[in-house]
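To keep things clear, I will list the structure first and then write my remarks on it.
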Amino acid sequence: MKQLTKLMLGCLAIAIVLFTSCSTNGKVSAAGSTKAKGPFPEEKLGWKLGSQAYTFRLFSFAEALDKIASANLRYVEAFPGQTIGAGSTEKMTYELSPEGRKIVKQLLKDRGITIHAYGVVGAKDEAEWEKVFQFAKDFGVQVINSEPSEEQLDYLSKLCDKYDIKLAIHNHPDPSHYWNPDVVLKALEGRSPRMGAAADVGHWMRSGLNPIESLKKLDGKIFHVHFKDLNEFGNKKAHDVVWGTGKLGMKDVIAELKRQNFKGMLSAEYEYNWENSLPEVTESVVNFRAAL
């Protein structure tokens, strides 16, 4: 029975993807034609399951939103540098014009998607960081994900309070400055309670760190999660696989986040099979929700 149920879920995921591919043919869909249908069991826990737009970095932001909706998701973590699309050649940065911002907001509205997070983003000084925060505020962003320099932490703490926006420190693999959660914890000492961690469980795996133990170290400090499952542990060249089929221990991670009473967004950040990852992302979403 379990095998049959798993097969049925897999077939459903593939069917959704095939239908979407045939309907949109890789183009921006008509207004409102692509929306997540639910159910969304994770939201009972205060979780917002969505996707990092970087998963679809080879496409425009408009196309990425269509793919995200097709995967039955309704939250996005936007990243700087992605072309808007839908007739605009501007990019998703604080320099986006009023016209470009209007296009983006309409794209989001039509697809029923909310920008919950923005990143991973950096800036050269306090003045530029303020523009990033203003940009985030304009779109209703709740969390900015970044790997700021130590020298920027004090004024970032003040900007978080000024704009009532959280900043979450992200971890790229070793030798990135914040690869170890102990470094993140130290950086947060004495800072605004609006500063926390953006836990990338896949990058911890690449660095040879146990994801569960790393999550426990950051208990109460986790604002955002970059969700991945990898084919190998402790190998920086390991690649993404469908959630629940790799070395992560997806159910254990879910259990730990439940234990911590985590509230926030979990971004699907699938960095493999770039040209056609939608079927794998969709199947990952199905597996995640089934595991709940």
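The values are calculated or read from the model by the stated rules, or taken from the named source; none is laboratory data. The shown structure was predicted, so the numbers you read here are calculated from the model rather than taken from an experiment. All Cβ positions, even for glycine, are placed from backbone atoms using ideal geometry, and neighbour counts span all protein chains on display. Remember, those area values only see protein heavy atoms, side chains included, never the ligands or the DNA or RNA. Shrake-Rupley method; radii C 1.70, N 1.55, O 1.52, S 1.80 Å.
When you look at LYS48, is it assigned to a strand (DSSP E or B), open to solvent by 10 Å² or more (accessible area, probe 1.4 Å) and touching a residue at least 12 places away in the same chain (Cβ under 8 Å), yes or no?
On the way: assigned to a strand (DSSP E or B): yes; open to solvent by 10 Å² or more (accessible area, probe 1.4 Å): yes; touching a residue at least 12 places away in the same chain (Cβ under 8 Å): yes.
So LYS48 passes the test.
Answer with yes or no whether LEU292 is at pLDDT below 95 and open to solvent by 10 Å² or more (accessible area, probe 1.4 Å). Against the criterion (at pLDDT below 95 and open to solvent by 10 Å² or more (accessible area, probe 1.4 Å)), LEU292 qualifies. Determine, yes or no, whether PHE262 is under 19 Å from GLY119 (Cα atoms) and either part of a loop (DSSP other than H, G, I, E, B) or open to solvent by less than 40 Å² (accessible area, probe 1.4 Å) (or both). In short, no. Cβ separations smaller than 6 Å between residues 6+ apart or across chains give the following pairs from region 215-244 residues that are at positive phi to residues that are aliphatic (A, V, I, L, M): GLY244/MET250.
Could you say whether any residue in region 106-123 is open to solvent by less than 40 Å² (accessible area, probe 1.4 Å), modelled with pLDDT of 95 or more and of a type in the set (Ser, Thr, Tyr)? Yes, region 106-123 contains at least one residue that is open to solvent by less than 40 Å² (accessible area, probe 1.4 Å), modelled with pLDDT of 95 or more and of a type in the set (Ser, Thr, Tyr). Out of the residues in region 76-94 that are of a type in the set (S, T, N, Q) and either in contact with a Cys (Cβ under 8 Å, 6 or more places away or on another chain) or in contact (Cβ under 8 Å) with a residue 24 or more places away in the chain (or both), which is surrounded by the most Cβ atoms within 10 Å (Cβ to Cβ)? My answer is GLN82.
For region 129-148, the criterion of a residue being open to solvent by 30 Å² or more (accessible area, probe 1.4 Å), out of contact with any Ser or Thr (no Cβ under 9 Å at 6 or more places or on another chain), of a type in the set (Asp, Glu) and within 22 Å of ARG191 (Cα to Cα) is satisfied by at least one position. Pairing residues of region 158-177 that are within 16 Å of PRO193 (Cα to Cα) and among the small types (Gly, Ala, Ser) with residues that are part of a loop (DSSP other than H, G, I, E, B) and open to solvent by less than 10 Å² (accessible area, probe 1.4 Å), at Cβ distances under 8 Å and at least 6 apart in sequence or on separate chains, gives ALA168/GLY119. Quick check on my filter: what residues within region 219-232 are touching a Gly at 6+ places or on another chain (Cβ under 9 Å) and surrounded by fewer than 18 Cβ atoms within 10 Å (Cβ to Cβ)? Listed by number, the residues that qualify are GLY220, ASN231, GLU232. So, in region 100-147, exactly how many residues are outside any helix (DSSP H, G or I), farther than 18 Å from LEU266 by Cα and in contact with a helix residue (DSSP H, G or I) (Cβ under 6 Å, 6 or more places away or on another chain)? Residues in region 100-147 being outside any helix (DSSP H, G or I), farther than 18 Å from LEU266 by Cα and in contact with a helix residue (DSSP H, G or I) (Cβ under 6 Å, 6 or more places away or on another chain): 1 in total.
Within region 45-60, the residues that satisfy the criterion of being of a type in the set (A, V, I, L, M, F, W, C) and in contact with a helix residue (DSSP H, G or I) (Cβ under 6 Å, 6 or more places away or on another chain) are LEU49, ALA53, PHE56, LEU58. Across region 253-273, the number of residues qualifying as more than 27 Å from LYS217 (Cβ to Cβ) and within 16 Å of the chain's Cα centre (by Cα) comes to 1. TRP243 - would you say it is surrounded by 23 or more Cβ atoms within 10 Å (Cβ to Cβ) and modelled with pLDDT of 95 or more? In short, yes. Among residues of region 201-214 that are over 11 Å from VAL253 (Cα atoms), those with a Cβ under 7 angstrom from a residue that is acidic (Asp, Glu) and open to solvent by 30 Å² or more (accessible area, probe 1.4 Å), sequence gap 6+ or separate chain, pair up as SER207/ASP174. Per the conditions (1) surrounded by fewer than 21 Cβ atoms within 10 Å (Cβ to Cβ); (2) in a loop (DSSP other than H, G, I, E, B), the sole criterion not satisfied by PRO279 is (2).
Across region 55-75, the qualifying residues are those that are aromatic (Phe, Trp, Tyr) and closer than 14 Å to LEU278 by Cβ, and the one among them that is least open to solvent (accessible area, probe 1.4 Å) is PHE56.
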